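Rule-based calculations on the coordinates, nothing more; no lab input. Given the structure is predicted, the values throughout are model-derived calculations rather than measurements. Ideal geometry is used to build each Cβ from the backbone, glycine not excepted, and the neighbour counts take in all protein chains shown.
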Amino acid sequence: MAFECQGGSHVSEILSAFVVDSLGERIHSEVQISDPAENCGVEHLESKVFDLETTVEETGKSEHASELKFKKGNSSLHDRKEVLSHGVVSCFPQSLTDLPPALVSEILNCLDPKELGIVSCVSTLFQRLASEHYAWKEFYRERWGLPGAPALLGSGCSNEKSWKELFVERDFKSRTFMGRYKIEYLYGHTEAVRTVFLLASAKLLFTAGYDSTVRMWDLEEGLSLSSSRPLGCTMRAVAADTKLLVAGGTDGFIQCWRAVEGIPHLFDLRGHQSQDSEFRLWEHVGAVTSLALDLSKIYSGSWDMTVRIWDRTSLKCLRVLRHSDWIWGLVPHDTTVATSSGSDVYVWDINSGTLMTVIQNAHSGNAYSLARSHTGDFLFTGGEDGAIHMFEISHLMDRDFSHVASWIPHSGPVYALAFEFPWLVSASADGQLALVDVRKLLRTKKSTSAKKILKTGSVDRTKVEPPQRMLHGFSSDLFSVDIGADRIVCGGEEGVVRIWNFSQALEIERRARALRGIRLENRMRRRRLQIEMNSKGGRTDQCSVAAKNSVNGDRNSVWHSKRGMSGKLKA
């Protein structure tokens, strides 16, 4: 992540001027508010100014002392303002580095990552303050969550990275999806692949589909690690973490596998290692179409028009959220869960089970897919009309939402969405994948440029954004997609799992940047040499011109003298 240092030297001046001006205005307002009968405060300030004048005169700076004199009795308010402002400027720190560290930290906390990077280019002190600021941890958490490895938390050891280094590396890594890639194919399913799930922390990939089996793959090697027994129905949903794997099908059962210790690939799908690792949940009376996990709960959506919330410890259903149409997708976050039912999108409170807001008619047709940002403030929907919408749902206390942007990159229904900052990936029935960079749209909370739409409002479909990249090469429908670990995984009607591997794009981009830096350095070196040669050549040219002029001058003087002599002889 490259930071522009251009114009960075003005940051401290602007911030210090802001602090000084605000303090000056505050004192001036106090002077204006004071009653004529209570002029002791003004007289006290005048005495302070005269004391300051005496000090300045003693140090020999008489030019400032002349500006700090009061005309007592008939002095105007404007004159007092000027004197007070000069007094404030001279009494308070004139540089950001002179402020208390706590105040400097609060000022830096108001900046975004790019601005914080610009501040670090101002000086060595600002580089230390900006690089060690705690805001980098918050920037990282908002985009990708906290890393799982405790060694990456930057506790001060030499071999550990700081939060700024982690952020810059991850941000640079996220740009590789615009680079080169290679396509890998995984064969094993005999029918269409309905769902894929990428567990990036364990480098595992889970797939399931119409052949009623769940398969587990090694993401790095592309090898099939294990396969479940035939489960007797079409499997439409899969979700996993490092402790639990769940899969749901058209029979209404939720098939579950616990992680087994001692197995490098976590789960024993065949049940050879432990018979107690596999169990089932059943309360749905329709096909299970969507599944999700968090630390304490299991979320399941079904065509029986309900979303059920299960406790992972007791395996009991804690709450049932009832809808008026089939459930197509769900995305939980913290204490809320977003669901899509028919053409509407709902946001529920998990603890109380109350409905917080409804986005009515989000799509012309069914809203097939949902995705959510890591902070939970932004919700993405894909539907039967081939459109993708982005909503801000951070203001649910007012029971409203904001439509941020829309994309129409597909000519068929959008069956699946996946999000990893800053990329939103969609899979469609037209056999294409669309990549959308939402970096600029995921603005901070202080920005309020989006148009608010009430709960009963409609979606503005006139604001359409173009996608950043389209991935082609499929001749049939794509039903599922996931993103992570520098890869995009998709499955469709062909029964083949495709992996778009961008891991080499990072190394290629690093080499390209190194070559660009070398070329730039060589260009600057040649330019310096050319300037030196031109300067030397200019001096020699000036000397030759001066010598030529002197020779011509001598010749002219001789010619004039000869002419004068001939004139005298004739006379």
Whole-Hz couplings from phi, Karplus 6.51/-1.76/1.60, listed for the range 465-472; x for Gly and Pro: 9, x, x, 7, 7, 10, 10, 10
Protection proxy ranking, peptides 200-207, 339-346, average beta carbon neighbours within 10 Å, highest first: 339-346, 200-207
Table column - 3J(HN,Hα) (Hz), the range 524-530, Karplus curve with 6.51, -1.76, 1.60, x for Gly and Pro: 5, 5, 5, 5, 5, 4, 5
Cα gyration tensor category, rounded, prolate or oblate, for the range 462-501 with a/c compared to 1.5: oblate
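I need the shape label for the range 231-314. Rule: rounded when a/c is under 1.5, else prolate if a/b > b/c, else oblate, with a, b, c from the alpha carbon gyration tensor. Numbers along the way, then the final one.
Details: a/c = 2.23, a/b = 1.57, b/c = 1.42.
Note, shape of the range 231-314 comes out prolate.
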Karplus-derived 3J(HN,Hα), 6.51/-1.76/1.60, for each residue of the range 488-500, Hz, glycine and proline x: 10, 10, 9, x, x, 6, 5, x, 10, 8, 10, 10, 8
Under 27 Å, Cα to Cα: Lys pairs in the range 105-244, sequence gap 8 or more or different chains: 17
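Count the net charge of all other residues whose Cβ sits under 13 Å from the Cβ of TRP326, scoring Lys and Arg as +1 and Asp and Glu as -1. Mind showing how you got there, number by number?
Numbers: positive: ARG236, ARG322; negative: ASP304, ASP325, ASP344, GLU384.
That sum, taken over residues with Cβ under 13 Å, equals -2.
Tell me the Kirkwood radius of the range 297-393: reciprocal of the mean inverse pair distance over distinct alpha-carbon atoms, in Å.
Details: mean 1/r = 0.0749 Å⁻¹.
In the range 297-393 this quantity evaluates to 13.4 Å.
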Test item: Cα-centred dipole of the range 373-435, Lys/Arg +1 and Asp/Glu -1 on Cβ, debye: 80 debye
Global form of the range 218-358, assessed from the alpha-carbon gyration tensor, a/c cut-off 1.5: prolate
